[in-house]
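*Asks:* Here it is, the structure, as structure tokens.
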Amino acid sequence: MQMEEQRVKGSSKRDRVIEEWKPYILCIFSNVCFAGFNIVSRVSLDKGTSHYVLVVYGHAFGTLATALLAFLFERKNESKINVPILRNVFFLGLLGAVLGRTLFYMGLEYTAPAFASAMGNIIPSITFILAVLCRMEQFNILNLGTQAKIGGTLVAFAGAALMTLYKGIPIISMHTENSHQTAAASKLSTDREWIKGSLVLIVSYSSLAAFYILQTTTIKMYPAPITLTSLTCLSGTLLSTIMAAILDHKASSWKLSWNTLFAPMYSGIVIYGITIYVQTLVVRTKGPVFMTAFRPLATIVVAIMGLFILGEAIYLGSVLGASLIVLGLYATLWGKRKEKEKSREHRVSQQANEINLQK
């Protein structure tokens, strides 16, 4: 009997440990997937794929993949779709596909996968600002945790500004001396494209931060994450198709070959079909700020993959700026943890006072 009780207790403890570590594992998995997405997307863009069409096909594959998963796992879902949910789904498609993903591809064309991924670390700071404006995050200027989050946000934006305005010398490069001389000859043009790409990426990541905020609200209204992801992909497909039809009139842009098919399939199935669903699970339990806190992992993976697969150099400005962004990111996280600890202490104190009053 005692052995049975010990086994049950051990099982219960194991379940608690798994449940505690589950969000961390899911966040690590999703960021490794995003790292591969940056590399695959850049390869496809270099082969001449239109970024407008790439968004359309990616969301189309994502719609099919998530619709199948929703049929298998959420067909007994009893949540009703109403007008506010449809409105949110429309804006999720607008923020995620039309603005977020399209502008990301444009910024990726002007810069590099490692740079784009490093710049993506400002998403938590932007998410924090939007969460405060939407009253989803506490904001008390006298609180040490709030001060840390504000300071972290400012440091992260300083890092983003440094990455935008200063490229610097290549620190690690697979290029030869001749290729460096060729690159130096077109430095002015490259720097202009770098700044343009940086600004486009900032707008893209601001849109994605707003996407995460709206996603957090919508999943509470419609607690069926796979179905919601499928509806979001469908909305993104329709809106990005209209955008592509207006901005890209070439019929040849819509043709896919075996060389360019992998990127939209990876985008649709791995990113929209799996990763966004995984992020939805994390957002529902931990919130958008926690979910975006793991983005530096994707930056490291992309930098390594970009160096060896694409032969792209890592520049001094990117390293310095990314360091500031990561420093700001974890200052924000530390502040969030301190606020959570203080909130827990406050609840315990209230419960103790209530018990004393009852006595």
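The values are calculated or read from the model by the stated rules, or taken from the named source; none is laboratory data. Owing to the predicted nature of the structure, the values given are computational and were not obtained by experimental measurement. We place every Cβ from the backbone using ideal geometry, glycine too, and count neighbours over all the protein chains shown.
*Asks:* Restricting to the range 99-149, name every residue that is of a type in the set (Val, Ile, Thr), assigned to a helix (DSSP H, G or I) and over 17 Å from Leu329 (Cα atoms).
*Replies:* Hit for the range 99-149 is Thr102, nothing else.
*Asks:* Here's something else I'd like to know. Out of the range 247-269, which residues are surrounded by fewer than 19 Cβ atoms within 10 Å (Cβ to Cβ) and either among the acidic types (Asp, Glu) or under 19 Å from Val89 (Cα atoms) (or both)?
*Replies:* Residue satisfying the conditions is Asp248 alone.
*Asks:* From (1) surrounded by fewer than 16 Cβ atoms within 10 Å (Cβ to Cβ); (2) modelled with pLDDT under 80; (3) of a type outside the set (Lys, Arg); (4) closer than 29 Å to Phe290 by Cα, pick out the condition that doesn't hold for Ala158.
*Replies:* Failing condition for Ala158: (2).
*Asks:* Can you tell me how many residues within the range 51-94 are outside any helix (DSSP H, G or I), touching a Phe, Trp or Tyr at 6+ places or on another chain (Cβ under 8 Å) and not aliphatic (A, V, I, L, M)?
*Replies:* 1
*Asks:* Restricting to the range 273-282, name every residue that is over 11 Å from the mean Cα position of the chain (by Cα), more than 14 Å from Ala224 (Cβ to Cβ) and at pLDDT 75 or above.
*Replies:* Selection gives Ile274, Val278, Val282.
Residue-by-condition table, conditions (1) within 17 Å of the chain's Cα centre (by Cα); (2) of a type in the set (D, E, K, R):
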| position | (1), (2) |
| --- | --- |
| Phe73 | no, no |
| Lys76 | no, yes |
| Ile85 | no, no |
| Val89 | no, no |
| Leu94 | yes, no |
| Val98 | yes, no |
| Leu103 | yes, no |
| Leu108 | yes, no |
| Thr111 | no, no |
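*Asks:* For the range 195-234, give me the residue count where each residue is more than 14 Å from the chain's Cα centre (by Cα) and more than 20 Å from Leu281 (Cα to Cα).
*Replies:* 6
*Asks:* OK, next. Could you count how many residues in the range 83-128 are of a type outside the set (D, E, K, R) and free of Cβ contacts under 8 Å to residues at least 40 places away in the same chain?
*Replies:* So the answer is 2.
*Asks:* Further question: Hey, any hits in the range 306-318 for a residue that's buried (at least 20 other Cβ atoms within 10 Å of the Cβ), at negative phi, in a helix (DSSP H, G or I) and of a type in the set (Phe, Trp, Tyr)?
*Replies:* no
*Asks:* So which of Leu45, Leu54 is touching a residue at least 40 places away in the same chain (Cβ under 8 Å), touching a His at 6+ places or on another chain (Cβ under 9 Å) and surrounded by 13 or more Cβ atoms within 10 Å (Cβ to Cβ)?
*Replies:* Selected residue: Leu45, the only one of Leu45, Leu54 that is touching a residue at least 40 places away in the same chain (Cβ under 8 Å), touching a His at 6+ places or on another chain (Cβ under 9 Å) and surrounded by 13 or more Cβ atoms within 10 Å (Cβ to Cβ).
*Asks:* Can we say Tyr272 is in contact with a Gly (Cβ under 9 Å, 6 or more places away or on another chain), surrounded by fewer than 22 Cβ atoms within 10 Å (Cβ to Cβ) and aromatic (Phe, Trp, Tyr)?
*Replies:* No, not satisfied.
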